[in-house]
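Here's the structure, in structure tokens; my notes come after.
The values are calculated or read from the model by the stated rules, or taken from the named source; none is laboratory data. All figures in this text were calculated on a predicted structure; none of them were measured in a lab. Every residue, glycine among them, receives a Cβ derived from its backbone with ideal geometry; neighbour counts consider all protein chains shown.
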Amino acid sequence: MKKSTYKFNNVYIKGTGTAVGPLEKEGPLGAYFDRDYQDNYCEEKNWESAEQRLLNDAITIAIASSGLKNEAIDLAISGDLINQNAVSNYVMRDFPFPLLGMYGACSTAMLTLLTAALFIESKKFHHIVAATSSHNSTAERQFRYPTEYGGPKPETATFTVTGAGSAVVSSDVTNIRVSSATIGRVIDANQNDPNDMGTAMAPAASDTIIRHLRDLHLTPNYYDMIITGDLSKVGSKVLLDIMAEEGFDISKFHEDCGKIIYSESQPVFSGGSGCACCAVVTYGYIKQLLETRKLKRVLVVATGALHNPVMLLQKESIPAIAHAVSLEINEV
Amino acid sequence: MRKDYTKIIKRNTLKPKYFRNGAVAFVVGGLIGVFGQGLSDLYINIFKMSKDHANSLMTVTLILLSAITTGLGIYDHLGQFAGAGAFVPITGFANSMTSAALEGKSEGITLGIGAGMFKLAGSVIVFGVVASYILGTIRYLFFQ
């Protein structure tokens, strides 16, 4: 099989920004986020506007923390869960630089980051904003039922994270290096339960992780942490089982953003999900661990369930994808 | 890429708690029924209504209470706890309409609330009417 892992020599994270809703702030990683709001409306009139506010905040904070001005940014690459990539498109009305919109469901955080890294490595761009957002209520409205609907959810369901995360990816040398990336393949494990996306996505995550390790001739313990996006409790178990079957034991250093963003006592079923889940954990928590040198090398594997509600009703299954980006401390 | 992961997925599947879910639905659904009966008795005995009037008013009261608790963000928690016990009674029907209406509010009165309200309830109404039509026909033909 042809390789789809790319190594980078001059791609760095120059700035990051995260904004979250109240439940994420109350969670165990609350202290790592740059901005938070008291309620899910985020001082706006409706949830779609709230999500725009979160994404706008994340991008603004990321650019500010990079020390750059808007004029220095070459490009934004952004995506979300809402039809027509609406949140990203509308938010970018307020910024002067060009936009490439992308859709990768919940894998968008790493999809945008790896695309930005490839562009920077091409030397045609210097500073690119990679961003993504999700909002619990806009996602529920689009993919499932009204927020106040009383239908029960099973334990396997995940809870869409309300938030947005952004990074300024740059060719300027900083202390966090984007060292390589593996582009995901669409994997269909023949699952069709939108209330159990962790299980549907786990095979895609294993496929990407294994291809990444094989392409670069690495053993899993090269990384201090392999963190998946939103497999949650249920999907993580499936992932570890598939990996063990394929001869890779990653149980000691596997984490899942969806598992660590909320605490056990929060009403989130199997854990967090959504584009923002992986984005805020990576650009908030993981970035901090790298900066303080608690971690040296991390493989972030953002997982996405690529289902379409109409096609699910037409008895189609849930295809899934996972994109991996490796972040390392830049040893100077 | 389609590959068979069925075996691994199957051995990691969480089994739904059928007994717990059934028991809670039975008790909560039953309690909603008992409450409705209480209301009906109250209207008959205290307000001296006819049985027909009392039952209609009882139904409307349950719908009102369900709509209010949906608006206050309480009913979805009851639904999560009690499952079918909360969404099979008429209160569940009212919840499906109120929650869809709340959701549609930002899209305007006509298409947001007016049309959106029936997003979930529409199929209940359609199949309710179809079922009564069929059963009505059977009754008319065979049990007159």
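Looking only at helices (runs of 4 or more DSSP H) that lie completely in region A:190-301, which have at least 3 residues being in the same structural domain as A:Ile318 (by TED's automatic domain parsing) and over 20 Å from A:Thr160 (Cβ atoms)? It would help to see each step written out before you state the result.
Values: elements: A:197-215, A:232-245, A:257-260, A:275-280, A:287-291.
Qualifying helices (runs of 4 or more DSSP H): A:197-215, A:232-245, A:287-291.
When the residues of region A:57-84 are filtered to those that are more than 19 Å from the chain's Cα centre (by Cα) and touching a residue at least 60 places away in the same chain (Cβ under 8 Å), which remaining residue is nearest to A:Arg35 (Cα to Cα)?
Top of the filtered list is A:Ser65.
Listed residues A:Tyr6, A:Tyr37; which is in contact with a Pro (Cβ under 7 Å, 6 or more places away or on another chain) and under 26 Å from A:Asn85 (Cβ atoms)? Give the derivation first.
Details: A:Tyr6 fails: in contact with a Pro (Cβ under 7 Å, 6 or more places away or on another chain).
On inspection, the qualifying residue turns out to be A:Tyr37.
When you go through A:Ile209, A:Ile261 one by one, which is the residue that is among the aliphatic types (A, V, I, L, M), closer than 23 Å to A:Arg293 by Cα and modelled with pLDDT of 95 or more?
Values: A:Ile209 fails: closer than 23 Å to A:Arg293 by Cα.
A:Ile261 is the lone residue from the list that is among the aliphatic types (A, V, I, L, M), closer than 23 Å to A:Arg293 by Cα and modelled with pLDDT of 95 or more.
Checking the condition among the aliphatic types (A, V, I, L, M), facing chain B (nearest Cβ under 9 Å) and surrounded by fewer than 24 Cβ atoms within 10 Å (Cβ to Cβ), which residue from A:Val186, A:Val238 passes? Outline the logic, then answer.
Numbers: A:Val238 fails: surrounded by fewer than 24 Cβ atoms within 10 Å (Cβ to Cβ).
Of A:Val186, A:Val238, the one residue that is among the aliphatic types (A, V, I, L, M), facing chain B (nearest Cβ under 9 Å) and surrounded by fewer than 24 Cβ atoms within 10 Å (Cβ to Cβ) is A:Val186.
Within the group A:Thr112, A:Thr60, which residue is under 15 Å from A:Cys275 (Cβ atoms), in a helix (DSSP H, G or I) and at pLDDT 95 or above? It would help to see each step written out before you state the result.
Details: A:Thr60 fails: under 15 Å from A:Cys275 (Cβ atoms).
One residue alone meets the criteria, A:Thr112.
Name the residues in region B:43-63 that are under 26 Å from B:Ala86 (Cβ atoms) and free of Cβ contacts under 8 Å to residues at least 12 places away in the same chain, would you?
First, pick out the residues of region B:43-63 that are under 26 Å from B:Ala86 (Cβ atoms): B:43, B:54-63.
The answer is B:Ser56, B:Val60.
Residues are listed down the side, and each one gets a yes or a no for (1) within 14 Å of chain B (Cβ to nearest Cβ); (2) surrounded by fewer than 19 Cβ atoms within 10 Å (Cβ to Cβ); (3) of a type in the set (A, V, I, L, M):
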residue	(1), (2), (3)
A:Thr147	yes, yes, no
A:Gly165	no, no, no
A:Asn175	no, yes, no
A:Gln191	yes, no, no
A:Pro220	no, no, no
A:Tyr223	no, no, no
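Could you tell me whether region A:35-46 includes any residue that is over 21 Å from A:Leu111 (Cβ atoms) and either within 18 Å of the chain's Cα centre (by Cα) or not in a loop (DSSP other than H, G, I, E, B) (or both)?
Pass one, region A:35-46, residues over 21 Å from A:Leu111 (Cβ atoms): A:35-46.
Now restrict to residues that are either within 18 Å of the chain's Cα centre (by Cα) or not in a loop (DSSP other than H, G, I, E, B) (or both): A:35-36.
Among the residues of region A:35-46, at least one is over 21 Å from A:Leu111 (Cβ atoms) and either within 18 Å of the chain's Cα centre (by Cα) or not in a loop (DSSP other than H, G, I, E, B) (or both), which makes the answer yes.
Which one of these is within 30 Å of B:Gly112 (Cα to Cα) and not hydroxyl-bearing (Ser, Thr, Tyr): A:Pro22, A:Pro28?
Values: A:Pro28 fails: within 30 Å of B:Gly112 (Cα to Cα).
Just a single option satisfies the conditions, and that option is A:Pro22.
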